[in-house]
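Engineer: The structure's right below; bear with me while I get my questions together.
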Amino acid sequence: RNAEIVILDEPTSGLDPIQIREIRKLIKEIAQEHSVILSTHILPEVEMLCDRVKIINQGSLVFNDTTQALQQQMKSSSLLVTLESAPSLEILEQLHGVNIVTALSDSRFKIQYQPEHNPTQALLKSAITQQWQLTSLSPEQHSLEDVFMNIIRQEDEQKGDKV
């Protein structure tokens, strides 16, 4: 109770969902008055509970920043689009800033773009004027697991290993 730092190693491992909620609530309460070091492999728990993240790979610190900085890495330069009257891939690739268009189905596409040239406005304008029947448009979001694996992969590649 009087400790300045509380260290928790996999505090929700093996618990049922109700117990997990209670432990997470308790961790948040403890963090109001104490520093909490949380060791976990449960990445959504990191998002929910932590202000800072340190990722250790093979004994080396490979990431040390805020959860906000980690979430920035989760952002993608891709859009997921559904067009019921879809144009050809070539037409979509002509939109300003678009690098690659991948057909996920007859009407669903992944549009990768240059980060400084988001094509959303051009896509909306073309969808209206060309009557492509846009039914969904959303930014692709990388999961925390994807970001974690990418950080580890980059670190291993720098060391000459492969994940």
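Engineer: S60 versus (1) modelled with pLDDT of 90 or more; (2) more than 18 Å from the chain's Cα centre (by Cα); (3) under 25 Å from D156 (Cα atoms): which is the lone unmet condition?
Structural biologist: For S60, the exception is condition (1).
Engineer: Give the residues of the range 110-135 that are surrounded by 12 or more Cβ atoms within 10 Å (Cβ to Cβ), under 21 Å from the mean Cα position of the chain (by Cα) and not in a strand (DSSP E or B), sorted by residue number.
Structural biologist: Q114, H117, N118, P119, T120
Engineer: Regarding I27, is this residue modelled with pLDDT of 90 or more and more than 21 Å from F148 (Cα to Cα)?
Structural biologist: In short, yes.
Engineer: Here are L43, L38, L80, L49: which of them is of a type outside the set (V, I, T) and in the same structural domain as Q121 (by TED's automatic domain parsing)?
Structural biologist: On the way: L43 fails: in the same structural domain as Q121 (by TED's automatic domain parsing); L38 fails: in the same structural domain as Q121 (by TED's automatic domain parsing); L49 fails: in the same structural domain as Q121 (by TED's automatic domain parsing).
The conditions single out L80.
Engineer: Filtering the range 72-109 down to residues that are touching a residue at least 40 places away in the same chain (Cβ under 8 Å) and in a helix (DSSP H, G or I), which residue is surrounded by the fewest Cβ atoms within 10 Å (Cβ to Cβ)?
Structural biologist: M74
Engineer: Which residues, counting only those in the range 30-55, are more than 22 Å from E145 (Cβ to Cβ) and of a type outside the set (A, V, I, L, M, F, W, C)?
Structural biologist: Q32, E33, H34, S35
Engineer: From the list P17, P44, pick out the single residue that is touching a residue at least 60 places away in the same chain (Cβ under 8 Å), exposed (fewer than 15 other Cβ atoms within 10 Å of the Cβ) and within 26 Å of the chain's Cα centre (by Cα). Spell out the reasoning first.
Structural biologist: On the way: P17 fails: touching a residue at least 60 places away in the same chain (Cβ under 8 Å).
Step by step, each of P17, P44 is checked, and only P44 is touching a residue at least 60 places away in the same chain (Cβ under 8 Å), exposed (fewer than 15 other Cβ atoms within 10 Å of the Cβ) and within 26 Å of the chain's Cα centre (by Cα).
Engineer: Is it the case, given these coordinates, that Q154 is in a strand (DSSP E or B) and surrounded by 12 or more Cβ atoms within 10 Å (Cβ to Cβ)?
Structural biologist: When the stated conditions are applied, Q154 does not pass them.
Engineer: Right, another one. Quick check, is E4 over 30 Å from K125 (Cβ atoms) and of a type in the set (D, E, K, R)?
Structural biologist: Spelling it out, E4 is indeed over 30 Å from K125 (Cβ atoms) and of a type in the set (D, E, K, R).
Engineer: Scan the range 135-154 and tell me whether some residue there is over 29 Å from L70 (Cα atoms) and not charged (D, E, K, R).
Structural biologist: yes
Engineer: Determine which member of the set I30, I56 is on the phi < 0 side of the Ramachandran plot, β-branched (V, I, T), surrounded by fewer than 16 Cβ atoms within 10 Å (Cβ to Cβ) and touching a residue at least 24 places away in the same chain (Cβ under 8 Å).
Structural biologist: I30
The values are calculated or read from the model by the stated rules, or taken from the named source; none is laboratory data. Nothing here was measured: the structure is a model prediction, and the numbers come from that model. Every residue, glycine among them, receives a Cβ derived from its backbone with ideal geometry; neighbour counts consider all protein chains shown.
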